[in-house]
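The values are calculated or read from the model by the stated rules, or taken from the named source; none is laboratory data. Not measured: the values here are computed from a predicted model. Please note: Cβ atoms are built from the backbone with ideal geometry, for glycine as well, and neighbour counts cover all protein chains shown. The accessibility values were calculated without ligands, DNA or RNA, using every heavy atom of the protein model including side chains. Shrake-Rupley method; radii C 1.70, N 1.55, O 1.52, S 1.80 Å.
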Amino acid sequence: MSINSAMLAGVSGLVSNSSALAAISDNIANVNTTAYKRNQVNFANVVTAQAVKGRYSAGGVQAVTRQFVGQQGLITSASSPTDLGISGDGFFVVTQKANGLTAADNRAFTRSGSFSVDADGFMVNDAKLYLQGWPVEDDGTIDVNPSDLTKLKPINVKNLGAAVRPTSNVVINANVDKRLPTAQVDLTAYDPTAQATSMAGYADDQNTIYKPDFTIEMNVVDSTGGSHKIAMSFIHDPNVTNEFRAEIYAIPGDEIDDGSTSGLISSGTVRFTANGAFDKDNSTVFGALGADPQIVLGDSDAGASPAWATNLGITGQTINFDLTRLASRPETSSVTQVNSDGASVGNVVGVEVDENGVVSAIFDNSEIRQVAKIALATFPNPDGLTPVSGNAYRPTIQSGEFVLKEPTVAGAGQIAASTLEASTVDLSAEFTGLISTQKAYSASSKIITTADQMLEELINIKR
């Protein structure tokens, strides 16, 4: 009967507009939710087959919910370096727990990048979802797998141990006075390997004739973060122009196993050109003529010479010297600057994320250690994802299979630190929709009251 169909059409209008109101309410409530994607209820008419010619049966309306998950929100500035916004395609991979993850545990996908570091060192967002990434291996490589979620691990920036970087480079900026001292030294009996007469073994109370004319001291860091002092000393050779006898040794000497206790690491000559520049090709302090300026110290237990002392229990290292700023001029010997690149034991004091998604821990000794690379998941149809609590999504048949990508690679978006993606809700559009939905709801209710009055008239015919 047409009146009954009209009443049912009115009911469908009430139901559909109620759904529209619910979607608008959700949008307005989440106008400040990070990376929230607005929903919209569209309407589609329902057509009922006309059984009798000349009579019309109303079909009504049905609500169809549409998500705009793929819509890009405005990238806004944020104060925290762990706040992450995605500019372009892709979702962060997150889990509800950090420890004991198995292949059976659900993974979710979100663009809500309001991450912070919790008490255990994990990166977690406001919804308590843990950020996943490919860990950096001990050799510095990253095993990137585009389809295996189990390769991803929760990113932890605290349980890394202390950061240590042994010294491998020393830059010396100094001047060695090229003028011969008043009391010239006879170097005929000079033997750097004999402690009693070597510069390395010299002590003020010995009062030997081989006291260095000039000494440069430098600090180096070993493999465990310990600090040691190494010196490079010079004594004029009166028989050769612009040449010095030189030794490199440790202070104190017992830190080096060299067959004695002098701490001698290397000895030989240092030659300067007529212009006062370091002449590597005619110097032997680092080995043969022309040898690269470096010293090699063996492991504590290597049995080599020279090597770190056995009682230190540290790994050997090679130290390269930059002597391009070592000069010999007729001026008083002086050290302008000695720089070494080692870093002693440091603790994590900060986190940084670059545009390629590499998460690095910053230590208080100025060391930066890469921890993991954030993975971005892309979908053929992101609007087909199903929402879950925490402003996250799960894949469906409509969304298609995910593909894990590195940020900025193969169409994946760029990650920007200290930014957040804003909600895509437009309040003016939502308020306009609120008014039209209210009017449509009232109109649908009027259909029901009118149909009711007509049925009442039909019933009264019998009276």
- Collect the residues in region 109-144 that are without any contact (Cβ under 8 Å) to a residue 40 or more places away in the chain and of a type in the set (A, V, I, L, M, F, W, C), keeping them in residue-number order. PHE115, ALA119, PHE122, VAL124
- Message: Exactly one condition in (1) open to solvent by 80 Å² or more (accessible area, probe 1.4 Å); (2) under 30 Å from TRP308 (Cα atoms); (3) modelled with pLDDT of 70 or more is false for VAL164; which is it?
- Response: (1)
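Go through PHE122, PHE109 for me and flag whichever is more than 20 Å from ILE368 (Cβ to Cβ), out of contact with any Asp or Glu (no Cβ under 7 Å at 6 or more places or on another chain) and open to solvent by less than 70 Å² (accessible area, probe 1.4 Å).
Details: PHE122 fails: more than 20 Å from ILE368 (Cβ to Cβ).
Answer to the selection: PHE109.
Residues of region 97-154 being in a strand (DSSP E or B), within 16 Å of the chain's Cα centre (by Cα) and among the β-branched types (Val, Ile, Thr), which ones? Even if it seems obvious, please write down each step before you answer.
We begin by selecting, within region 97-154, every residue in a strand (DSSP E or B); these are 108-110, 114, 116-117, 122-124, 130-136, 142, 153-154.
Imposing the further condition that a residue be within 16 Å of the chain's Cα centre (by Cα) reduces the set to 114, 116-117, 122-124, 130-136, 142, 153-154.
Residues satisfying the conditions are VAL117, VAL124, VAL136, ILE142.
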- Item | Conditions (1) over 20 Å from THR167 (Cβ atoms); (2) under 45 Å from the mean Cα position of the chain (by Cα); (3) touching a residue at least 12 places away in the same chain (Cβ under 8 Å): number failed by ALA288 | (3)
- Note on the structure: Of the residues in region 305-338, those that are more than 38 Å from the chain's Cα centre (by Cα), of a type in the set (Ser, Thr, Tyr) and under 15 Å from VAL270 (Cβ atoms) come to SER328, SER333
- Does at least one position in region 37-60 carry a residue that is part of a helix (DSSP H, G or I) and of a type outside the set (D, E, K, R)? no
- Can you run down the residue pairs with Cβ atoms below 6 Å, 6 or more apart or on separate chains, where the first is in region 66-80 and touching a residue at least 24 places away in the same chain (Cβ under 8 Å) and over 15 Å from ILE415 (Cβ atoms) and the partner is open to solvent by less than 80 Å² (accessible area, probe 1.4 Å) and of a type in the set (Lys, Arg)? PHE68/LYS37; PHE68/ARG38; VAL69/LYS37
- Query: Cβ-Cβ below 6 Å, separation at least six or inter-chain, first residue in region 341-368 and acidic (Asp, Glu), second assigned to a loop (DSSP other than H, G, I, E, B): which pairs?
  - Reply: GLU352/PRO81; ASP364/ASN347
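Tell me, which residue of region 32-55 that is hydrophobic (A, V, I, L, M, F, W, C) and open to solvent by less than 40 Å² (accessible area, probe 1.4 Å) is nearest to PRO382 (Cα to Cα)? Before the answer, list the steps.
Going through region 32-55, the residues hydrophobic (A, V, I, L, M, F, W, C) turn out to be 35, 41, 43-44, 46-47, 49, 51-52.
Retained after the next criterion (residues that are open to solvent by less than 40 Å² (accessible area, probe 1.4 Å)): 35, 41, 44.
Values: ALA35: 14, VAL41: 18, ALA44: 23 Å.
If we take residues in region 32-55 being hydrophobic (A, V, I, L, M, F, W, C) and open to solvent by less than 40 Å² (accessible area, probe 1.4 Å), then ALA35 is nearest to PRO382 (Cα to Cα).
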- Message: Looking at the structure I just gave you, is ASP301 at pLDDT below 85 and open to solvent by 20 Å² or more (accessible area, probe 1.4 Å)?
- Response: yes
- In region 306-330, which residues are of a type in the set (Val, Ile, Thr) and surrounded by 15 or more Cβ atoms within 10 Å (Cβ to Cβ)? ILE314, THR315, ILE319
- Task: Taking VAL335 as meeting all but one of (1) more than 30 Å from SER116 (Cα to Cα); (2) of a type in the set (Val, Ile, Thr); (3) in contact with an Asp or Glu (Cβ under 8 Å, 6 or more places away or on another chain), write down the number of the exception.
- Result: (3)
- Query: Can you name the residue in region 238-249 that is among the charged types (D, E, K, R) and over 11 Å from TYR210 (Cα atoms) and, of all such residues, is most open to solvent (accessible area, probe 1.4 Å)?
  - Reply: GLU243
- Please find, within region 155-180, the residue that is nearest to the chain's Cα centre (by Cα) out of those that are outside any loop (DSSP other than H, G, I, E, B) and over 21 Å from GLN370 (Cα atoms). ASN169
